[in-house]
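Novice: This is the structure I have questions about; it appears just below.
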Amino acid sequence: MSQSFLFYRVPGVLFALLLMVPLASSADEEGHRLPFSDLVKTEPTRHFSATQECVEPEDEMKRNHMNYILHQRDKTVHDGIRTRQYSLEECINCHAIKGEDGEYIRVEDPRHFCASCHTYASVSIDCFQCHADIPVRESTLHQSQSGNVDRSVREKLASRLSGELSLQLVATEVSVNE
Amino acid sequence: MSDTNKQMNSARREFLGKAGATAGAAAIAPGVFLTSPAVARSADKKVTGDKRWGILIDTAKCAGGCDACVSACETENGWGGADNTEKHSNAEQQAQWIRKVQLKEKATGHATTLPLMCQHCETPPCVDVCPTGASFRRADGIVLVDKHICIGCRYCMMACPYKARSFIHEDLKDQKPWAPRGKGTVESCTLCVHRVDEGGTPACVEACGAENHNAMVFGDLYNENSKISQQLEQYGGKQIRADLGLNTGVRYRGI
């Protein structure tokens, strides 16, 4: 009984193994690819300083940009606070890139700054159902940085935001860096 | 029309208290103030209830056939117009933030035209009925929709006696950054809140002035030295559907 079982099964198993050889080799090649390595790199048009590229340090923005935008949104709509520091419009003004045709790339294109990550991560954002996804008017961020908004207020907000919202990840990373 | 002024704020006692405090602090002589009322609020300061914005519309100056206010609003806020992106909606469904309305007195045939938009009520029915809190009245009296939390139920459209609100039925493209609009949310006149916050006046008022009609006056209803308050004191201003007791921020002369 067991002999006939092996007699019939062994060729089948061998055949299956043969089939898996090309799969295994391709999986090996794929295995060397790092996550996010197929992302299109999009660079902002403006850097704030040599050490700080964005309105907040880049690591902070990568993790918590949504929280900055969310807070700013409620402040603007309900309280009429129109500082430009965390304004979605200023994100777009700075991060928009142009295609080969010289036109700004729209959010449907995976090269759009926001889409470049969100497409990969399969996170559907609905900001741009209502908001402009390309620059429309000149940035006024520099004005609010120099004049309208007191620097201490901005720093207070930033520290409050990060205090409220930063994940422990940030804290661990800082300690590792030190 | 002292009645009208009394109704400007139903919490009159509170207003008088504030006005007295302000006068004590800033007035150095009658009518002379240390602070200029024209200075725009700083961008990082919360809006307060010290002001209440309103518009007084003189229907005698409002020219029939002129729709400068409507087209100015379209251009400013990106609705309607030639490049309307609401292609699948019919005329009744398309957004209409401000419209020209013609009134005709049957007995005499006398016709009056006036612009009708959100009246920015002190007690707005749209805010009463909103189930999510998306429809709200800002501290300075501007009635707005927070489209982030609007679920598109359209109760507010039913509740509004002025037919001032519109619902967006389809995907839009190329909205103005200062006036985001989107499918599935209700919208209406914002009194050009983005301009007002920067010390400006609404686009319709500006366009009316540019046409030399000057039928619309925008200003602070709580500031008795503002042009609108002075004109209201002198000429009065009627509310449309005053019987509802909504204490509107938009007032009309000559109707």
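The values are calculated or read from the model by the stated rules, or taken from the named source; none is laboratory data. Quantities reported herein were computed from a predicted structural model and do not represent experimental measurements. We place every Cβ from the backbone using ideal geometry, glycine too, and count neighbours over all the protein chains shown.
Novice: Residues to consider are B:Gly81, B:Gly133; find the one that is more than 19 Å from the chain's Cα centre (by Cα), within 14 Å of chain A (Cβ to nearest Cβ) and without any contact (Cβ under 8 Å) to a residue 24 or more places away in the chain.
Specialist: On inspection, the qualifying residue turns out to be B:Gly133.
Novice: Give region B:47-76 a look and list any residue that's touching a strand residue (DSSP E or B) at 6+ places or on another chain (Cβ under 6 Å) and assigned to a loop (DSSP other than H, G, I, E, B), or say none.
Specialist: B:Lys51, B:Thr59, B:Cys62, B:Gly64, B:Asp67
Novice: So, in region B:49-66, exactly how many residues are under 11 Å from the mean Cα position of the chain (by Cα) and surrounded by fewer than 15 Cβ atoms within 10 Å (Cβ to Cβ)?
Specialist: 0
Novice: Based on this model, can you work out whether A:Ile97 counts as among the β-branched types (Val, Ile, Thr) and touching a Gly at 6+ places or on another chain (Cβ under 6 Å)?
Specialist: no
Novice: Taking helices (runs of 4 or more DSSP H) that do not extend beyond region A:42-144, which have at least 2 residues that are closer than 25 Å to B:Val47 by Cβ?
Specialist: A:58-79, A:88-95, A:127-130
Novice: Here is a further query. So A:Ser116 fits all but one of (1) at negative phi; (2) more than 10 Å from every other protein chain (Cβ to nearest Cβ); (3) over 12 Å from the mean Cα position of the chain (by Cα); what number is the exception?
Specialist: Condition not satisfied by A:Ser116: (3).
Novice: Checking A:Ile81 against (1) aliphatic (A, V, I, L, M); (2) within 11 Å of chain B (Cβ to nearest Cβ); (3) in contact with a strand residue (DSSP E or B) (Cβ under 8 Å, 6 or more places away or on another chain): exactly one of these is not met. Which one?
Specialist: It is condition (3) that A:Ile81 fails.
Novice: Does B:Gln119 count as over 22 Å from B:Leu244 (Cα atoms) and in contact (Cβ under 8 Å) with a residue 60 or more places away in the chain?
Specialist: In short, no.
Novice: Also: Can you tell me which residue in region A:119-143 is nearest to the other protein chains (Cβ to nearest Cβ), limited to those that are over 25 Å from B:Asp146 (Cβ atoms) and not polar (S, T, N, Q)?
Specialist: The selected residue is A:Glu138.
Novice: For region B:87-130, give me the residue count where each residue is assigned to a loop (DSSP other than H, G, I, E, B), away from chain A (no Cβ under 14 Å) and either at negative phi or within 14 Å of the chain's Cα centre (by Cα) (or both).
Specialist: 22
Novice: Would you check which residues across region A:74-105 are within 22 Å of A:Cys117 (Cβ to Cβ) and β-branched (Val, Ile, Thr) and list them?
Specialist: Within region A:74-105, A:Ile92, A:Ile97, A:Ile105 meet the criteria.
Novice: Residues in region A:110-117: is at least one in contact (Cβ under 8 Å) with a residue 60 or more places away in the chain and under 22 Å from B:Val193 (Cα atoms)?
Specialist: No, because not a single residue in region A:110-117 is in contact (Cβ under 8 Å) with a residue 60 or more places away in the chain and under 22 Å from B:Val193 (Cα atoms).
Novice: Now a separate question. Which of the residues that make up region B:198-235 are surrounded by fewer than 20 Cβ atoms within 10 Å (Cβ to Cβ) and under 23 Å from B:Gly64 (Cβ atoms)?
Specialist: If the condition is that a residue be surrounded by fewer than 20 Cβ atoms within 10 Å (Cβ to Cβ) and under 23 Å from B:Gly64 (Cβ atoms), then B:Glu206, B:Gly209, B:Ala210, B:Glu211, B:Asn212, B:His213, B:Asn214, B:Gln231, B:Tyr235 are the ones that fit.
Novice: Considering only residues that are charged (D, E, K, R) and over 19 Å from the mean Cα position of the chain (by Cα), look in region B:161-198 and name the one that is nearest to B:Arg241 (Cα to Cα).
Specialist: The selected residue is B:Lys183.
Novice: Let me ask something additional. I'd like to know if region B:168-181 contains one or more residues that are away from chain A (no Cβ under 12 Å), out of contact with any Cys (no Cβ under 7 Å at 6 or more places or on another chain) and either closer than 18 Å to B:Ser71 by Cα or in a helix (DSSP H, G or I) (or both).
Specialist: no
Novice: Given the structure, is B:Gly80 in contact with a helix residue (DSSP H, G or I) (Cβ under 9 Å, 6 or more places away or on another chain), part of a loop (DSSP other than H, G, I, E, B) and at pLDDT below 95?
Specialist: So B:Gly80 passes the test.
Novice: Pull up region B:147-167, narrow it to residues that are among the aliphatic types (A, V, I, L, M) and outside any loop (DSSP other than H, G, I, E, B), then point me to the one that is farthest from the other protein chains (Cβ to nearest Cβ).
Specialist: B:Met158
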